[in-house]
Amino acid sequence: MEIKRIFVIFAFLLLPSVQVFAQAPEVIKPKEVTILLRHQSYPAYTRIVIEGDDETLKESKVLRMDSGLQFLIEFKKKPSLIKPETLPVNDGLVKSIESAEKGDKAVLNIILEKVPHDYKSFFLKDPPRRVIDIYKVPVATSVPRTVIVIDPGHGGTDIGAKGLSGLQEKVLALDMALRLKTLLQKNPEIKVVLTRISDVALPLRERAFIGNSNKADLFISLHGNSSFGKSSKDFIVYVLPPHEPKTEENRNPYLWDIQHVRSIKESKRLAESLKETLEKGLGEGIMIKEAPILGLMGIEAPSVLLELPMVPEEGKKLQKENYKNNIASNILEGIINFIKKRPETGRPEGETTRQ
Ligand SMILES: [Zn+2]
C-alpha cells in the first residue's frame, strides 16, 4: 500500500514546475484521488460501481478485451484504491475485480468467469460514479416493446350517438376497447393502456395526454356512428389530413406540427392495415377518411379513430358477442400487421452503424 501511495503523490507533483517543487515542496498539497468499489449481483446481471471524483471517473475508459473474459477500466490519473486490491466477486459471472498499474495509468481489471451477453457503462452524479452493468442473459425480454393506447370515445354524461336499438356509443366504445385489450394483452411484448376503464367523461386533451405520456406507439380511438346517410352502414377509419385545416375552429398550429411531422404517414399506414384485416374478416367495405378530427390532434403516435356503424341493422349485430369478438380480433390483426412492418429506427435501410 505504501508504494502505491508514493506513486500517487509523485504523479501529481510532476504537474507544477520544478522551481516550485524545489523552493517550497510543503505548500503543494497533492490531491489524492480515491476511488471506492462496490458490486451487486442480480439474477440477470452484475453491477459494478466505481465512486470517485467527477473528473477521474468521466475520463475513465471501459474497454472490453479481446478474450471477452475481461474488462479493463483505465484512469488517466492514478487513483489510490481504498480496498481491497483484489476484490473477489465469484457470482458465476464476475470472478474478481483487480487494481493494477499500466504504464502511467491506473487500471481496474474485471475478470469474468464466462463471456457475458452484453454490458452497459454509464456515468452518474451525486455522488459521481461510473456504473458498469454486465449482463449474463438478455434482460429486455420482459420489457414491453410496444405501447398501445386505446381510447374508448365519450363517457359519463357524454353518451355520444344513440342507435335505434338503444345502444349508446359510449357503452359500445368501452365494450370494444375492453375486448381488444384482452386480446392484445396475450402478447407479452405489448403493453395496453386505456384512456378510460369506466363510464366517466374525459376531455380530449386528457386523452391525448394519456397517449403521449405513456409514449404510445399507436393510438386508436373507438367510436360508433348512428348518423343516417350514405355511409352510415360503413366502418370508417379516420385519419388527420396531411395539411393543416383551414377553419379557425380546428386550427392549432403547434399540435398540428407535432402530428404532421412525426406520424401522419404512419397513421395512414395504420388505417390501411385496419381496413385490410376488417374487410377480410367482416367481408364488408371499410372507408378511410381524412378529416380534422379534434380527438386525434396533439397525439404524437400514429393514430386513427375507428367508427363502428350503429344503424339499426348493424346495431343489432353489435349486440351479438361473436360479432363483437370478430371485430376485436380483426382490429388486433390489423395492429399486429402494422407493428410488424413498422420502421425500426430513423436510419435509412442498408446504412450500417458507425462507431
Ligand atoms: Zn363518437
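The values are calculated or read from the model by the stated rules, or taken from the named source; none is laboratory data. A quick note: this is a predicted structure, and the numbers were derived from the prediction, not measured. Neighbour counts are summed over all protein chains in view; Cβ atoms, including those assigned to glycine, are modelled from backbone coordinates with ideal geometry.
Hey, among 128, 116, which residue is surrounded by fewer than 19 Cβ atoms within 10 Å (Cβ to Cβ) and of a type outside the set (Asp, Glu)?
Just one listed residue meets the conditions, 128.
State whether one or more residues within the stretch 130-149 are within 16 Å of the ligand (Cβ to nearest atom) and touching a strand residue (DSSP E or B) at 6+ places or on another chain (Cβ under 7 Å).
no
Restricting to the stretch 199-224, what's the tally of residues that are touching a residue at least 40 places away in the same chain (Cβ under 8 Å) and either farther than 14 Å from residue 147 by Cβ or assigned to a loop (DSSP other than H, G, I, E, B) (or both)?
So the first thing to find is which residues in the stretch 199-224 are touching a residue at least 40 places away in the same chain (Cβ under 8 Å), and the list is 199-202, 204-205, 207-208, 210-212, 214-224.
Pick out the ones that are also either farther than 14 Å from residue 147 by Cβ or assigned to a loop (DSSP other than H, G, I, E, B) (or both) and you get 199-202, 204-205, 207-208, 214-217, 221-224.
Count: 16.
List pairs: first in the stretch 286-310 and assigned by TED's automatic domain parsing to the domain that holds residue 216 and farther than 17 Å from residue 210 by Cα, second part of a helix (DSSP H, G or I) and among the polar types (S, T, N, Q), Cβ under 7 Å, 6+ apart or cross-chain?
Note: pairs meeting the criteria are 292/250.
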